[in-house]
């Protein structure tokens, strides 16, 4: 009789997910449907992995934020943040809901124009605008948010040489009590840069000051930081009015509102700790209303909210490829969704739900993607049911940034679908093929000869 191969024994804690004298166990609810459509049907029709967006969720979230601000303030304008998700269908939903376009590059600017947004309804942010892009924006009557003095002087030179007038605002960075400070972008409030820029703009007949802008950070959990920022911008607006008898048209509070996702390392769930739209609105509108700005001169509040409006509307569905045991005995589940498709896995502990019912038993599991890279980890550790090869799952709240920062690294990018208000499914971006990847490549003739 041959000697049996020794396998090191492991001890695995299983939790049935029901109350006991030790407390309540982990409960991983199955998620068989998205917006009333079976996940199994979506994968059968469009493949795995697959991005899924809910139009109903987008429009409902937009209604929520518009209500929160409009009941507190008379003039509010949304501007969809293209960098958060610039799939045309997603942008068009926001534009139908009344949003302008907020862009941070010439590429995004042209995409907004292609989507039918009028130049006068585009806000052009970002630190790297070229002279050609600045001229285009000025000719189209777009709002140009000046990021630094070099840009201010370049735009001034363009306007004088081309005999153009430009509608401008300045981006202001400031101390709002959140650290590290976001002082890379814009002109500083505390050291006087912002006030210097405003004076130069007001003395330039080719530049028309229309607004003030700030973007204090990302995934901001402090509503008080927005109150401080709005107060400082309102103070600048009051000083401009006092010195030049000029009243700005808008205060742009940028974005940064947190979604309901949970940050990696956070003790409490984002669902429990993220401020509501009402809380953000109360902080911002109170600061402006209580400022020295005259009631009949109140500026429009512009919001460039991205993450908080689209995150909850997006999901990625996928399939289990394999299971194995790691050297310490933990279970490892390998799935067909990698960090090239879920960039935000580096930031968030995304919730993952099995599609089908399971026994309720869970154990500590690491969820790996399919990439041949050690960093391809969707969840380093979570209590999760033992799914088999071929079982399907849903990763929720993936709508922000994953479709602008995705890569065809090792695997190509898959289909994207939209579930409309009538629960009809639409393919809004086709899966990539090898031809898509290589169509822009050029191979010198001496290398293209077949051996």
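Coordinate-derived values only; no laboratory data. What you are looking at is a predicted structure, and each value in this text was computed from that prediction instead of being measured. A quick note on method: Cβ atoms are made from the backbone with ideal geometry, for glycine too, and the neighbour counts reach across all protein chains shown.
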Worksheet item: Could the peptides 395-404, 176-185 be put in order, highest first, of the mean number of other beta-carbon atoms found within 10 Å of their residues?
Response: 395-404, 176-185
Response to the item:
Computed over the chain, the relative contact order (Cα-Cα under 8 Å, seq sep at least six) in percent reads 20 percent
Response to the item:
With no solvent term and unit scatterers on the alpha-carbon positions of segment 342-435, Debye gives log₁₀ I(q)/I(0) at q = 0.12, 0.13, 0.20, 0.25 Å⁻¹ of -0.49, -0.57, -1.24, -1.45
Worksheet item: Based on the inverse mean of 1/r over its pairs of different Cα atoms, what is the Kirkwood hydrodynamic radius of segment 125-305, in Å?
Response: 17.1 Å
Fill in: DSSP bridge orientation in the chain - percent antiparallel, rounded to nearest 5
45 percent
Discussion item. How large are Rg and Dmax for the chain when calculated on the C-alpha trace, in angstrom?
Written reply: 25.4, 99
Worksheet item: Using a simple spin-label model with points 7 Å from Cα along the Cα→Cβ vector, what separation in nm is obtained for residue 435 and residue 422?
Response: 3.2 nm
Discussion item. What is the angle, in °, between the Cα long axis of helix 277-289 and the longest principal axis of the Cα atoms in the chain? Nearest 10 is fine, range 0 to 90.
Written reply: 10 degrees
Discussion item. Sorting check: for 59-68, 279-288, which peptide has the highest mean count of neighbouring beta carbons within 10 Å, and how do the rest follow?
Written reply: 279-288, 59-68
Worksheet entry | Packing-based ranking, highest mean first, of 327-333, 417-423 given that Cβ atoms within 10 Å are counted | 417-423, 327-333
Item to complete: Give me 55, 364, 445 ranked fewest to most by other Cβ atoms within 10 Å of their Cβ, as a rough exposure proxy.
Response: 445, 364, 55
Item to complete: Extending each Cα 7 Å along its Cβ direction at residue 407 and residue 191, get the distance between those two points in nm, one decimal.
Response: 3.4 nm
Fill in: Fraction of beta bridges assigned by DSSP in segment 215-368 that are antiparallel (%, nearest 5)
45 percent
Fill in: Beta bridges per DSSP with both ends in segment 89-177, % antiparallel, nearest 5
0 percent
Worksheet item: Any idea what angle helix 149-162 forms with the longest principal axis of the chain, computed on alpha-carbon atoms, 0 to 90 degrees, nearest 10?
Response: 60 degrees
Discussion item. Given the DSSP H assignment, sum -39500 (n - 2.57) over each helix run of at least 4 residues in the chain and divide by its residue total; what's the result at 222 nm in deg cm²/dmol, nearest 500?
Written reply: -8000 deg cm²/dmol
Worksheet item: So what's the angle, to the nearest 10 degrees on a 0 to 90 scale, between helix 223-244 and the longest Cα principal axis of the chain?
Response: 20 degrees
